[in-house]
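The values are calculated or read from the model by the stated rules, or taken from the named source; none is laboratory data. These numbers were taken from a predicted model, which means no experiment stands behind them. Ideal geometry is used to build each Cβ from the backbone, glycine not excepted, and the neighbour counts take in all protein chains shown.
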Amino acid sequence: MKLPERIIYIFTVFSVIFSFSLLSTVFSHNASASDTAGFMDLERSIKELKQIVKKTTPGVVTVVAYDDSGAESGRGSGFFIDTQGRIITNSSVLKDAYSAEVFSKSNYYDDVIILNRDEGLDFALIQVKAAGEVYLEPDFGYKIEPGERVVVIGRSADLGKTVSEGLVSSLSNIEERAELIKIQTTTPILSYRAGKDGPLLNMAGKVIGVTGTGFPESEGFEPLPWPDNQEIKAVSLRSIKSLLSGQGEFEHLQRAKSGIWSQWFIRSIKTAAITGFITLYDIGFPKLMAIVFVIIVIISIIQWLYLKLKKLIFNR
């Protein structure tokens, strides 16, 4: 091979190698840019969901009903819808109720009035003598779309919070009376317990539906459920607006006499102590922190003993 040809050959080889290295750099840059965008989207979603939970959780309550013998007959979530103490919950919770209690984040109510109910839609409107409670903002004109991201926030059996995230999988009609929404839950991005009852919220934190159970068969397309996810059913808020403005026969329930208020009271004190501990840590008072820590431990022991004693009595 002559010298000019050899130079041309070497130049060609180096050109090819340089081209491949340049292309690999471009592709790796695009991949890292895509990964960065994905992490940013996840971070944005976590922040958005945390804001919704923080904003709406104070307005979500636990409703416990009892029959005439004093035995618990139903328990579920509800939420304040105005400053008048009106609460939306499920009719199935209040079925055969003789008395009932409502537990909010900071208050307890045992004087409950049923204003309206619809068993077919598993809907009930109740009222308590509340003042200063946080209420959730309803959006009666909101039009829900399939594939939309939504959140369900409720209360667990031990009065803690539950959060479920999901996508609207289908919309159909319940006997031409109301719009039925089916939600398939997705893998949670926050470490909260999942639940299936409570207000249905859009990503603006506004109520767009009410979850429930026992809905009649709906009319319309029934998609196959997504694997490894739960299905949650709800009725859209705009389709039950008339039930909020209309009034059925008032039913003033008897005052409840149960021991659940003590469970709520202990939990409230423990939450306040933990909040105080964190505040003292931020301020920097180690001695007071130690005192509060001891209080938290004592409350935890009392709570544990109470639950054990209650379980022993119940099993007899």
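Quick notes on this structure:
- Verdict on Trp264 being outside the structural domain of Arg155 (by TED's automatic domain parsing), within 22 Å of Leu159 (Cβ to Cβ), in a helix (DSSP H, G or I) and at pLDDT below 65: yes
- Breaking point among (1) at pLDDT below 90; (2) under 24 Å from Lys95 (Cβ atoms); (3) not acidic (Asp, Glu), for Lys161: (2)
- Filter pass, Gly132 being free of Cβ contacts under 8 Å to residues at least 12 places away in the same chain and assigned to a loop (DSSP other than H, G, I, E, B): yes
- Residues that are small (Gly, Ala, Ser) and closer than 20 Å to Thr57 by Cα within the stretch 70-123 comprise Gly76, Ser77, Gly78, Gly85, Ser104, Ser106, listed in sequence order.
- Within the stretch 233-250, considering residues that are out of contact with any helix residue (DSSP H, G or I) (no Cβ under 9 Å at 6 or more places or on another chain) and at pLDDT 85 or above, the one surrounded by the fewest Cβ atoms within 10 Å (Cβ to Cβ): Ser242
- Pick from the stretch 136-166, criterion hydroxyl-bearing (Ser, Thr, Tyr) and assigned by TED's automatic domain parsing to the domain that holds Lys233, ranking: farthest from Ile183 (Cα to Cα): Ser156
- Cβ-Cβ under 6 Å pairs, at least 6 apart or on other chains, the stretch 109-126 side in a loop (DSSP other than H, G, I, E, B), far side of a type in the set (Gly, Ala, Ser): Asp110/Ala256; Val112/Ala100; Asp122/Ser91; Asp122/Ser92; Asp122/Gly212; Asp122/Gly214
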